[in-house]
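Student: Submitted below is the structure of interest, expressed as structure tokens.
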Amino acid sequence: MKKIFTTLVLTAAMVVPAWAGGLLHNTNQSIAWQRMMARGATNEIDGVFTNPAGTAFLDHEGWTLSLNIQSASQKRDVLATFPLFQTEDNTKLYKGTASAPVIPSLYAAYKRDKWAFSGFFGFVGGGGKASFDSGLAMFDAQVMAGIYSKTKALLADQPMLKSLVGADAVMPSMYSINSSMKGHQYICGLQLGAAYQINNHWSAFAGFRLNYFDGSYVGHVDASMGDEFKQRVSVAMAALPPEQQAAYAPMLTALAQEGGLTHIKLDCKQTGWGVTPILGVNYKTGPLTLAAKYEFKTNLNIENDTKTLEATAMGQASEELEKGMSASYGHGVNTPNDLPAVLYVAAGYEIIPKKLRAAVEYHFYDDKHAEMANDKQKYLTHGTHEVLAGLEWDINRLFTVSCGFQNTDYGLSDDYQTHTAFSCDSYSLGFGGAVNLSEKLRLNLGYFWTTYKDYTKNVPAGNPGYCNTGLAGKDVYSRTNKVFGVGLDFKF
């Protein structure tokens with residue numbers, strides 16, 4: 001039972017993923033990125049995030065602003081196989097959905113001579129709401145295995161109760177499981193800094209980003225006796241002598257209630273904050289631009305504000321379970337959720353001056369040295385590697401079109417993957433365009449989607465086995481992702 005509650009809380013901590021970037025980052029912070037992706041060598045306003053040193057080469061003296069609105073949706077499915085599942089081939093599909101109807105980001109830069117002062121606000125991690133309305137395989141598997149083992153031990157010492165049940169243990173066909181988890185998770189980032197143009201070729205940037213974590217989660221797991229089983233026990237009880245009925249009535253009454261076999265409920269809010277120092281450099285010569293940005297690791301702990309935390313087994317509260325819950329997940333407990341150090345390196349080239357541009361880029365996320373809950377980062381085989389490429393064409397003074405590609409390679413392993421926080425290697429494609437409404441006003445439109453490679457995890461029987469049940473099992477993790485956005489750049 002302690003394992004079941006642990007996984008419920010871990011679900012609350014990780015239900016919302018990032019839509020682009022590393023395991024914990026969102027890099028899709030502008031519509032210009034959506035439609036080209038490789039923006040690490042840009043000298044335009046979105047470079048405040050992707051190439052802050054390049055803002056020293058902005059083509060406008062004074063203020064430049066950019067407002068971007070994105071809408072994202074994602075599916076996270078687990079096709080689970082477990083011997084106690086009461087389905088064909090013991091296989092069941094668990095569907096998870098994550099959505100963020102509105103993801104805003106705001107850029108601002110003020111350029112004067114060789115200096116450019118800039119600011120950015122956006123959701124650098126998390127980014128939406130997630131729900132698992134039909135629960136998760138880990139809940140069902142652990143509840144089934146837990147009920148089986150506990151009732152088998154109980155019935156072995158209670159021959160009369162065993163005769164009422166009509167089996168050696170309470171089997172999955174005798175009860176139903178109702179579970180769900182819903183929550184939101186946002187990491188808001190406010191970035192400030194300054195870039196300086198050293199000479200005609202070089203510029204540098206120094207700044208920081210203040211990150212604030214906000215999460216709210218509500219979930220439950222209830223295992224209840226089925227109507228047929230209740231009726232069978234009721235008939236058997238009626239045939240017993242009055243004194244035996246009196247002896248078994250309290251226990252059977254408790255078990256017959258909603259959630260009588262297993263009941264877990266959580267209502268928790270989490271908050272935390274951390275600071276990310278940022279350095280950048282930009283080199284520009286003729287049609288070529290080279291740029292790099294380094295974000296230092298962010299130490300970020302999230303603290304529980306727990307409103308509801310309930311757990312009972314077989315109709316009774318467990319002192320051991322209550323103690324474990326309070327020690328690890330009670331009100332005020334802190335959990336590490338570091339943002340890893342990140343290195344961005346990019347090159348941009350004007351194939352046709354003022355007309356056709358191309359860019360390539362590389363990202364490295366040092367995930368293995370960013371502390372996660374339960375030291376989960378140790379199970380990664382390496383940090384995240386990303387390769388990006390993009391192309392942009394100014395059709396004329398009015399219209400611009402662009403497209404981009406991103407490939408993401410995580411250092412995944414079976415021990416890292418869980419139902420609540422799994423990732424899949426992927427590639428993304430983006431396209432879109434811009435319309436110059438005037439010399440100082442530009443409209444951006446973009447769309448990108450991500451294609452994920454399914455990840456299959458086979459778990460042999462033994463210790464711990466599938467979801468800590470000791471039995472064998474199998475998971476196939478799959479994801480989908482689509483993001484649309486619109487933005488407006490303004491100079492004054």
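The values are calculated or read from the model by the stated rules, or taken from the named source; none is laboratory data. From a predicted model like this one, the values you see are computed outputs, not experimental measurements. Quick reminder, even Gly has a Cβ in these numbers, built from the backbone with ideal geometry, and neighbours come from all protein chains shown.
Student: Scan the strands (runs of 3 or more DSSP E) fully inside the stretch 52-147 and keep the ones with 3 or more residues being of a type in the set (S, T, Y).
Tutor: Where strands (runs of 3 or more DSSP E) fall fully within the stretch 52-147 and carry at least 3 residues being of a type in the set (S, T, Y), they are 62-81, 91-112.
Student: So, one more: May I ask you to say which residue of F123, F132 is touching a residue at least 12 places away in the same chain (Cβ under 8 Å) and either in contact with a helix residue (DSSP H, G or I) (Cβ under 7 Å, 6 or more places away or on another chain) or closer than 30 Å to F490 by Cβ (or both)?
Tutor: F123
Student: Moving on to the next point. Name the single residue, out of those in the stretch 215-235 being free of Cβ contacts under 8 Å to residues at least 60 places away in the same chain and among the charged types (D, E, K, R), that is nearest to A254 (Cα to Cα).
Tutor: In this case the residue turns out to be K230.
Student: A further question follows. Restricting attention to the stretch 447-477, and to residues there that are among the polar types (S, T, N, Q) and surrounded by fewer than 18 Cβ atoms within 10 Å (Cβ to Cβ), which single residue is nearest to F422 (Cα to Cα)?
Tutor: Filtering the stretch 447-477 for residues among the polar types (S, T, N, Q) gives 450-451, 456, 458, 463, 468-469.
Retained after the next criterion (residues that are surrounded by fewer than 18 Cβ atoms within 10 Å (Cβ to Cβ)): 451, 456, 458, 463.
Numbers: T451: 15, T456: 11, N458: 14, N463: 22 Å.
Applying the filter and picking the extreme gives T456.
Student: Here are some residues: M325, M314. Which one is modelled with pLDDT under 90, in contact with a Phe, Trp or Tyr (Cβ under 9 Å, 6 or more places away or on another chain) and closer than 28 Å to G146 by Cα? Break it down into steps so the answer makes sense when it comes.
Tutor: Values: M314 fails: in contact with a Phe, Trp or Tyr (Cβ under 9 Å, 6 or more places away or on another chain).
Within the list M325, M314, the selection yields M325.
Student: Just the residues that are of a type in the set (S, T, N, Q) and surrounded by fewer than 22 Cβ atoms within 10 Å (Cβ to Cβ), please, taken from the stretch 27-73.
Tutor: N43, S71, S73
Student: When you go through (1) in contact with a Ser or Thr (Cβ under 9 Å, 6 or more places away or on another chain); (2) under 30 Å from R112 (Cβ atoms) one by one for L190, which number turns out not to apply?
Tutor: Of everything listed in (1) in contact with a Ser or Thr (Cβ under 9 Å, 6 or more places away or on another chain); (2) under 30 Å from R112 (Cβ atoms), L190 misses just condition (1).
Student: Mind checking whether some residue in the stretch 417-436 is β-branched (V, I, T), at pLDDT 95 or above, over 27 Å from the mean Cα position of the chain (by Cα) and assigned to a loop (DSSP other than H, G, I, E, B)? Steps first, answer last, please.
Tutor: So the first thing to find is which residues in the stretch 417-436 are β-branched (V, I, T), and the list is 418, 420, 435.
Pick out the ones that are also at pLDDT 95 or above and you get 435.
After this cut, where a residue has to be over 27 Å from the mean Cα position of the chain (by Cα) as well, the list is 435.
Add one more test, that the residue is assigned to a loop (DSSP other than H, G, I, E, B), and what stays is none.
No - not one qualifying residue is present in the stretch 417-436.
Student: Next question, about the same structure. Check A153, A169 and return the single one that is surrounded by fewer than 18 Cβ atoms within 10 Å (Cβ to Cβ), part of a helix (DSSP H, G or I), among the hydrophobic types (A, V, I, L, M, F, W, C) and free of Cβ contacts under 8 Å to residues at least 24 places away in the same chain.
Tutor: Sole residue among the options that is surrounded by fewer than 18 Cβ atoms within 10 Å (Cβ to Cβ), part of a helix (DSSP H, G or I), among the hydrophobic types (A, V, I, L, M, F, W, C) and free of Cβ contacts under 8 Å to residues at least 24 places away in the same chain: A153.
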